[in-house]
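The values are calculated or read from the model by the stated rules, or taken from the named source; none is laboratory data. Keep in mind that what you see is a predicted model, and the values were worked out from it rather than measured. A quick note on method: Cβ atoms are made from the backbone with ideal geometry, for glycine too, and the neighbour counts reach across all protein chains shown. Ligands, DNA and RNA are excluded from the accessible area calculation, which covers all protein heavy atoms including side chains. Shrake-Rupley method; radii C 1.70, N 1.55, O 1.52, S 1.80 Å.
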Amino acid sequence: MILFIMNVDIHIHSNYSDSTLSIEEIAIKAIENNISLISICDHHSTQNYPELKVICKKYKLNYIYGLEINASLDNDDAFIHILAYNPNPKSVRLKQLLKDCVTEYDKMSDRLINYLARDIEKVTLRGYKEFIYTGKYGGWKSYEFLIELGIINQLQDYFRLLKFYKVEKPGFMSVEQVCSIIKDAGGIPVLAHPGNTFPEEKISNYLETICLMGIEGIECYYPKHNPKVIEICIEFCRNYNLLITGGSDDHGYFMKNDIHGFDGMHNYKINLKQLKLGSIKIY
């Protein structure tokens, strides 16, 4: 049964991936902000699903199962983020895709630590191998490891190191492949935050290209999207009969120092009437 819905946020992250927020903290935060429909879209993980069901029942929240997956564009340096709504977490192809994505990120982390170990005495391969990731800062193991050593202070420092050492980027599956796997798992693929990925003047062209690759919706409402970007995305969705979604991309304290200023669900309100969710199932 769907309860009365005022505000919604269907792009949130939990500490099952790179956020500092637990599922229960997310639920409490949602209630405090009059949000009654949420979706936790953890990066390459569906591990939150069982707890999400229990917590949302406890707090009388509606929810949508989701996750966020990276994909690559041919002949393009950009990573595309795809939100998958209502996929079957038991899908063999989906589980393999998520495992491969995590492996690619781990390889990139290993490459960065190897570079740093050559230049900085206190960064050692053995120390990194033995380091236990806790998630207290959000992020991932190499990020937390470098913070604990005092090498970096925030997310942008990590990205600067990747750029300085010209660390090889992860190799992800194509947008077509990722969309195919999501659909095969019974899910709905939605392009995440295009305004955070592409320059405003190129968004329309990219949307034209990506629309042919299996995307069924666009995250039109997003903190970094200015009114013009939102207008472009909504008009595109209407012209191509695509779903319209939106969310805060809340990562808890992990993104607080990010240069783009992501600041969580408490200051980014979206009403269900603004969206077009189509066959995305609400529990």
Filtered residues of the range 37-57 (kept if open to solvent by 20 Å² or more (accessible area, probe 1.4 Å) and out of contact with any Phe, Trp or Tyr (no Cβ under 7 Å at 6 or more places or on another chain)): 43, 46, 50, 51, 53, 54, 57
Working only within the range 122-144, note down all residues that are among the β-branched types (Val, Ile, Thr) and open to solvent by less than 80 Å² (accessible area, probe 1.4 Å). 123, 124
Quick check on my filter: what residues within the range 20-68 are over 16 Å from residue 102 (Cβ atoms) and part of a loop (DSSP other than H, G, I, E, B)? 20, 21, 22, 33, 34, 60, 61, 64, 65
Matching residues in the range 61-118 (closer than 12 Å to residue 171 by Cα, open to solvent by 10 Å² or more (accessible area, probe 1.4 Å) and in contact with a His (Cβ under 6 Å, 6 or more places away or on another chain)) number 1
Please find, among 186, 214, the residue that is open to solvent by 10 Å² or more (accessible area, probe 1.4 Å), within 19 Å of residue 279 (Cα to Cα) and in contact with a helix residue (DSSP H, G or I) (Cβ under 7 Å, 6 or more places away or on another chain). 214
So which of 201, 176, 168 ends up being outside any helix (DSSP H, G or I), at pLDDT 90 or above, surrounded by fewer than 18 Cβ atoms within 10 Å (Cβ to Cβ) and charged (D, E, K, R)? 168
Selection count, the range 113-159, where residues are assigned to a loop (DSSP other than H, G, I, E, B) and of a type in the set (Lys, Arg): 2
